[in-house]
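For reference, the structure discussed in these notes is given below.
The values are calculated or read from the model by the stated rules, or taken from the named source; none is laboratory data. Every value quoted in this text rests on a predicted model; they were computed, and no experiment measured them. Cβ coordinates were reconstructed from backbone atoms using ideal geometry, including for glycine residues, and neighbour counts include every protein chain displayed.
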Amino acid sequence: MFNGNRGRDERPAMPPAPPPQQNNPAKRGMFSVLGPDVIVTGNIAATADLHIDGRVEGDVNCGSLAQGAESQIFGSVTAESARLAGAIEGAVRVRQLTIERSAKIIGDVEYENITIENGGHIDGRLKHMSAVQAAPPVAAPAPGPRAVEPTPLHVAASNEHAA
C-alpha cells in the first residue's frame with residue numbers, strides 16, 4: 001500500500017515562489033507588528049511599515065511607523081512617515097509626521113511636514129528639516145559677528161597676560 005507509490009508524487013504542482021524584488025518591500029504592502037504584550041530591548045530596523053503597540057527600549061528606524069496610544073519608545077525614532085500616539089523619550093526625525101492627541105514626546109523633533117492634534121504633547125525643540133539642512137551655509141558667516149562678542153574675553157586674557 002505505501003510502497004506502491006514510490007517515485008510518483010501525487011501532490012499538485014505548486015508554482016515557483018516569486019523572485020525577491022529589489023524594490024523597497026514597504027511599497028508592496030508588507031508590515032510588521034509589535035503587539036501590546038511585546039517588550040523589545042535593543043534597536044529595531046525595518047524596511048517595511050512598522051506598527052508598535054508594545055514597549056521598545058532602543059532606537060527605531062523604519063520606512064513608516066504607526067505607534068499605538070499605549071505604546072512606549074525609549075530611544076530615537078527615524079522614519080519617512082510616522083503617526084505617533086504613545087509616549088516617546090528620545091529624538092524624533094520624521095519627514096511626514098502626525099502627532100495624535102494622546103502622544104507625549106520628550107525630546108527634539110525634526111520634521112519636514114508636521115500635524116499636531118489638539119492635546120498632543122511635545123517637550124523639546126521643533127526643527128524644520130529644510131532649515132536644519134540650510135544651517136551649515138548660514139553658520140559659516142556667523143562666526144564673524146560672533147568673534148566681536150568674545151572680544152571682552154580677549155581683553156580679559158590680554159590684561160591677564162600683561163599682568
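Restricting segment 41-55 to residues that are among the aliphatic types (A, V, I, L, M) and part of a strand (DSSP E or B), which is farthest from the chain's Cα centre (by Cα)? Break it down into steps so the answer makes sense when it comes.
Within segment 41-55, the subset among the aliphatic types (A, V, I, L, M) is 44-46, 48, 50, 52.
Those still in the list that are part of a strand (DSSP E or B) too: 44-46, 50, 52.
On the way: Ile44: 10, Ala45: 10, Ala46: 10, Leu50: 11, Ile52: 12 Å.
Across segment 41-55, the extreme among qualifying residues is Ile52.
For Ala91, are the conditions met, namely being at pLDDT 95 or above, closer than 21 Å to Asn43 by Cβ and out of contact with any strand residue (DSSP E or B) (no Cβ under 7 Å at 6 or more places or on another chain)?
Spelling it out, Ala91 is indeed at pLDDT 95 or above, closer than 21 Å to Asn43 by Cβ and out of contact with any strand residue (DSSP E or B) (no Cβ under 7 Å at 6 or more places or on another chain).
Of all residues in segment 56-73, count the ones that are touching an Asp or Glu at 6+ places or on another chain (Cβ under 9 Å) and in a strand (DSSP E or B).
Counting residues in segment 56-73 that are touching an Asp or Glu at 6+ places or on another chain (Cβ under 9 Å) and in a strand (DSSP E or B) gives 8.
Out of segment 106-125, which residues are within 14 Å of Ser76 (Cα to Cα), in a loop (DSSP other than H, G, I, E, B) and acidic (Asp, Glu)?
Residue satisfying the conditions is Asp108 alone.
Condition check: under 25 Å from Thr41 (Cα atoms), touching a Ser or Thr at 6+ places or on another chain (Cβ under 8 Å) and buried (at least 18 other Cβ atoms within 10 Å of the Cβ). Does Gly58 satisfy that?
Values: under 25 Å from Thr41 (Cα atoms): yes; touching a Ser or Thr at 6+ places or on another chain (Cβ under 8 Å): yes; buried (at least 18 other Cβ atoms within 10 Å of the Cβ): no.
No, not satisfied.
Looking at this structure, is Ala69 over 21 Å from Asp108 (Cβ atoms) and modelled with pLDDT of 95 or more? Steps first, please.
Numbers: over 21 Å from Asp108 (Cβ atoms): yes; modelled with pLDDT of 95 or more: yes.
In short, yes.
For a quick check of your reading of the model, give me the residue pairs whose first member lies in segment 31-53 and is closer than 16 Å to Val94 by Cα, whose second is aromatic (Phe, Trp, Tyr), with beta-carbon atoms closer than 7 Å and at least 6 apart or on different chains.
From segment 31-53, the pairs are Ala48/Phe31; Asp49/Phe31; Leu50/Phe31; His51/Phe31.
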